[in-house]
1. With (1) part of a loop (DSSP other than H, G, I, E, B); (2) small (G, A, S); (3) modelled with pLDDT of 95 or more as the list, and G271 as the residue in question, which single condition is left unmet?
2. Could you please find all residues in the range 370-428 being in contact with an Asp or Glu (Cβ under 8 Å, 6 or more places away or on another chain) and part of a strand (DSSP E or B)?
3. Tell me, which residue of the range 343-362 that is in contact (Cβ under 8 Å) with a residue 24 or more places away in the chain and farther than 26 Å from F433 by Cα is least open to solvent (accessible area, probe 1.4 Å)?
4. For residues in the range 379-416 being of a type in the set (D, E, K, R) and farther than 24 Å from L315 by Cα, which is modelled with the highest pLDDT?
5. Return the only residue of A452, A424, A448 being crowded, with 24+ Cβ neighbours inside 10 Å and not charged (D, E, K, R).
6. Take the conditions surrounded by fewer than 24 Cβ atoms within 10 Å (Cβ to Cβ) and farther than 20 Å from L175 by Cβ and apply them to L382. Does it pass?
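The values are calculated or read from the model by the stated rules, or taken from the named source; none is laboratory data. A quick note: this is a predicted structure, and the numbers were derived from the prediction, not measured. All Cβ positions, glycine included, derive from the backbone under ideal geometry; neighbour counts span all protein chains shown. Heavy atoms of the whole protein, side chains included, go into the accessibility calculation; ligands, DNA and RNA do not. Shrake-Rupley method; radii C 1.70, N 1.55, O 1.52, S 1.80 Å.
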Amino acid sequence: MTLASPKGNGKMVAFPRGLTSIAASVVILAMFLIFASWLLVSFPIGSAIRGYFYSVDRKIVLPASKNVDYSYSNSSSGLNLELPTMSSNSSVVVNNEKAQVSIRSVEKDSMASESNVEPSSSGKDSVDLKNNETLEKPTELPKLSSRATEKKADMSCFPSSNTSESNSVDSGCDLYNGKWFYDPQGPSYTNNSCPVITQMQNCQGNGRPDKEYENWRWKPSKCDLPRFDAKKFLELMRGKTLAFIGDSVARNQMESMLCLLWQVEVPQNRGNKRMQRWHFVSTSVMIVRIWSSWLVRETTEKIDFAPEGVTKLHLDAPDDKLMEFIPNFDVTVISSGHWFAKQSVYVLNNEIVGGQLWWPNGSPPMKVNNVDAFGISVETILSAILTHPNYTGLTIVRSFSPDHYEGGAWNTGGSCTGKEKPLAISELVENGFTNIMHEKQVSGFERAVKKATNKSKLQLMDITEVFSYRHDGHPGPYRNPDPNKITKRGPDGKPPPQDCLHWCMPGPIDTWNELVLEIIRREFDGNRNLSS
C-alpha cells in the first residue's frame, strides 16, 4: 500500500517515522566510526596491546655514558687542581662528579719485597666447617684521609633509588670511609657452591679451621653497601663485557665475581689460551680475564748490557695484547703492583734506566727503582686507555692490594698465621711498601687523567687502607689440601710456608665486587634515571 503525499508530486513516497530514525542512527554511527578511526591513527595503541598479549620486553639497555669529571686535592700540599682532558687548558668532566684524591707523603726507607705466582690448578671443594654465629662488636676504622683516596662525588642531580629499592645506597656516599662489621648471615656462596675457585684460595677446602673471616662486611660511614645482587648486576650489564686485567690478584677478584654470579646462573666457558671468557646467556653478559703482570710491554731479547732471557719492561709502552682487546670492553677493572718486586729490567726510550733484583756491578747508577717503575707503568697504561680512539668504556682502577706478611717478607719468614678477625685501630701496623706503592699508583693515575682525549671514564676504587685491616682474610698456611701440611710455627718459632697476599674465597675479596657493582650502578642507573 502506498500513501499519497498531501503536497507535491503524487508519485513521491513518504517513509514512516521509524525508518527515518533508523537512517539518522546510521548516519550518527558512521560519523562515530570516522571519528574513532581518526583517534586510532593519531594515538596508536597497538604497541601497548602487543605488550600485554605478547610480553614484549621494553627494558632500556643503555651504553656506558660518555662524560668524565675529576678534580684532585693534595692534602699534604694544600694544592687543588682541575685535571684537563684535551689539553692543559681544558677541564675534564666525568659524570658531573667532583672527586678528590688525598695523598699522604710516605717514608721511602721501609719497603718490603713481595712476590706473586700464577698457579694453574683450579680447586674443588672438600671441607665446610660450621659457621660461627657469635655477633661481634664492629671494628671501627679511622677516617680514611691519610692514605686512601677520598672520592666525594656530587651526584645530587641523579635521583636516588633508595625510595624504590631497599638495598640501594646514596650515590654521593664516600664508599671508602667506614668500618668492618660482623654479619651473621655469612657469605653469598661457599667453597662447595662455586667450582672455579683456585685451590690456593679455597681456604675451607684446604682445611682452615675457622670461618669467622667470611662474615665480616664493609659498612661505609654515611650509607650502606648492599650485599652483592647477582640479578641486579646481570641486568645492569646486559649485553656488555666486564674485563679483569692484571696479575693473580686480579684473577682472585675475577673468580670472586664468577662465584657471586654462579649462584643465580651457571655461565658457559668460552675461553681460550689468550683470554678467559665466561658467558651468562640470559643477559648476554661476558666476564673476561686477561693476564698482564706489569700492564706494560714485556720482552726478553737482549738490550744493551741486559742479556737475553732477563725480563725487560718497556715502561713507556702499554701491554700490546691488552690494547688489542680494550675496545671490546664496556667495563674494565685494572690492577697491578706486586710483580714489581720480581726480577726485571726497566727500559725507557729504549734505554736501560733501572732494574729490580738485577743490576750488574760496574753499571751506571740506576735512574728508576721498582716503586718509581710502578708509578710510570700506571701512567702509561691509563694514558693509553684514556687516549684510545675506539674505547668509550668505564675503567675502574683497583688500588694496591695490601699484603700482611709480619716479621718478614714472603720469602724471609713473613707470616699471617692464626689471624681470625679484622685488626682493631690500635693494632694496625703501617706497611711502608704498601704506602709508597699506593702513593705511586695515585700519582700515575693523576698524570694519566691530564692526558685524556677520548670519551671513556676513569674511577679509582681505593681499597688499600680499607683492606689493611683484613690480615685475617688470607690463606696463610692453608694453601693446599695436603692433610699433612704444617700449619703452625715450629719449635724454633719459624712459621710454615704461607700466602698472605691472595684472599680466601669466600672472604673479604667479595667486597671488592660489591664496590664494583655499586660503581656500575651509579654509572648506569644514574644515566637511566636521567634518560627516563
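1. Checking G271 against (1) part of a loop (DSSP other than H, G, I, E, B); (2) small (G, A, S); (3) modelled with pLDDT of 95 or more, the one that fails is (3).
2. Correct list: L394, S415.
3. The selected residue is E351.
4. The extreme case among them is D403.
5. Exactly one residue qualifies, and that residue is A452.
6. no
For (1) farther than 16 Å from E406 by Cβ; (2) in a loop (DSSP other than H, G, I, E, B), each residue gets a yes or a no:
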| position | (1), (2) |
| --- | --- |
| H438 | yes, no |
| E446 | yes, no |
| N454 | yes, yes |
| L458 | yes, no |
| T464 | yes, yes |
| K485 | yes, yes |
| D492 | yes, yes |
| P497 | no, yes |
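Residues are listed down the side, and each one gets a yes or a no for (1) free of Cβ contacts under 8 Å to residues at least 40 places away in the same chain; (2) in contact with a Lys or Arg (Cβ under 6 Å, 6 or more places away or on another chain); (3) surrounded by fewer than 21 Cβ atoms within 10 Å (Cβ to Cβ):
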position	(1), (2), (3)
A250	no, no, no
W262	no, no, yes
G271	yes, yes, yes
R277	yes, yes, yes
S282	no, no, yes
S293	no, no, no
E301	yes, no, yes
G309	yes, no, yes
F325	no, no, yes
